[in-house]
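Chemist: Dropping the structure in here first, questions after.
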Amino acid sequence: MEDGRQSVTRVTLGALFIAFLKVSLLGFGGGLVWARRITVEQGRWISEEEFADILSLCQFMPGPNVVGIAVCAGAMLRGLIGAIAAASGFLLIPWTVGFSLGVMVLHYAHLVVLQNILRGVSSVAAGLLIATGIRMLMPHRHHLQAIVVAALAVGGIGFAKLPLLVVLFSLAPVSIAVAAFTNAKAQ
Amino acid sequence: MNGHSIIIALTARLALLSSISFGAFPTVLPDVRTFVVTTHGWMTNQDFADFFALAQAIPGPNMILMMSFVGWKVWGIPGAIASALATFGPPCVMYFTAYRLWDRLRAASWQRILRAGLVPVTVGLVIASGTVMARAADVGWQAVAVTLAASVLMLLTRLNPLLMLVAGGVLGGLGLL
């Protein structure tokens, strides 16, 4: 399975479990920021390119994308058992803790100060997510068509408020066609 | 409906919805609400909204947690576990199968083209979801400034993002945002 992969670090199952446990617990408002930080920047288990690949694949699949990142990263590094280790890390402990905690505090869900804290955290989380996207775009900064497509996606969802599926399924074919054309021209 | 058929109905519904939740689980939330509040009357709208807010507040697998609260309300702990499994099980199998397929065909030249085409879309969607989150959370210019500051600090420094999240929570808790 590891044919064609550039990074060949042997990652232990325990490390995978812990990595996605962290992604899960730190992942306020979506674990994507942390998934990339831990697997690409800190661990160097997965290349920038491979991470973008995995995320593209997960965007087109139903379900929670970050769980998908865990499954695919685990599968990439250690096959089926790796996928199970990563997904378990992401789910088991955070689910148990979060569920018990949640059932206990359901009575306090209306506290204003709690809501204010959450809003502050969300504001920061939004900024982190934007920065993660910009970082992922950096390797492609010399490809004009990539910048244009990314800008259209941002504009379509962030500003024109089109539904995700509309943007995904209208922009993707165009972008693929442009890539095919560029590829044909290069050969 | 007796207990068993209730939990089977809920689990089957969640498994179906998680299998078609293209663009992440929030896209099918309206359908879950209709099913558990309007169709079956298992909980009130307020319960449903509280579960949503709470799941957002707890770090971890938010939507899976939210569905667990829904299952818990319907049928206690077994309901919570069944709902969690139904929410992440089917997508996990699909993710794994799709990844294997994708990996096997890695050398194909069409895959390189596909990849080159898809990555900019994906990256654009990441930035877009950041702006959508910001729009929901940032009610005033102070909050917008916090979002921008977090973005810039993340790009230009090696500051731990956790510190930034804590700082955001403190500013919010003090009523400054």
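Chemist: Being within 7 Å of chain A (Cβ to nearest Cβ) and not aromatic (Phe, Trp, Tyr), is that true of even one residue in the stretch B:28-48?
Modeler: Checked the stretch B:28-48: no residue is within 7 Å of chain A (Cβ to nearest Cβ) and not aromatic (Phe, Trp, Tyr).
Chemist: Are there helices (runs of 4 or more DSSP H) fully within the stretch A:100-187 with at least 2 residues that are within 20 Å of the chain's Cα centre (by Cα) and within 23 Å of residue B:152 (Cα to Cα)? List them.
Modeler: A:112-137, A:144-154
Chemist: Among the residues of the stretch A:137-164 satisfying the criterion of being facing chain B (nearest Cβ under 7 Å) and more than 21 Å from residue B:135 (Cβ to Cβ), which is most open to solvent (accessible area, probe 1.4 Å)?
Modeler: A:140
Chemist: Can you find, within the stretch B:150-166, the residue that is most open to solvent (accessible area, probe 1.4 Å) among those that are more than 7 Å from every other protein chain (Cβ to nearest Cβ) and part of a helix (DSSP H, G or I)?
Modeler: My answer is B:156.
Chemist: With respect to residue A:54, determine if the residue is assigned to a helix (DSSP H, G or I), within 9 Å of another protein chain (Cβ to nearest Cβ), surrounded by fewer than 20 Cβ atoms within 10 Å (Cβ to Cβ) and out of contact with any His (no Cβ under 6 Å at 6 or more places or on another chain).
Modeler: no
Chemist: For the stretch B:56-69: of the residues being in a helix (DSSP H, G or I) and modelled with pLDDT under 80, which is nearest to the other protein chains (Cβ to nearest Cβ)?
Modeler: So, considering only residues that are in a helix (DSSP H, G or I) and modelled with pLDDT under 80, the one nearest to the other protein chains (Cβ to nearest Cβ) is B:57.
Chemist: Now for a different question. Suppose the filter is under 29 Å from residue B:33 (Cβ atoms) and surrounded by 16 or more Cβ atoms within 10 Å (Cβ to Cβ); does residue B:71 pass it?
Modeler: Answer is yes for this residue.
Chemist: So, in the stretch B:106-149, of the ones that are in contact (Cβ under 8 Å) with a residue 24 or more places away in the chain and either more than 7 Å from chain A (Cβ to nearest Cβ) or open to solvent by less than 10 Å² (accessible area, probe 1.4 Å) (or both), which residue ends up nearest to residue A:124 (Cα to Cα)?
Modeler: B:143
The values are calculated or read from the model by the stated rules, or taken from the named source; none is laboratory data. This one's a predicted model, so the numbers in the text were calculated from it and none came from an experiment. For neighbour counting, all protein chains shown are included, and Cβ atoms are generated from backbone atoms with ideal geometry for every residue, glycine included. Protein only, heavy atoms only, side chains kept; ligands, DNA and RNA dropped before computing areas. Shrake-Rupley method; radii C 1.70, N 1.55, O 1.52, S 1.80 Å.
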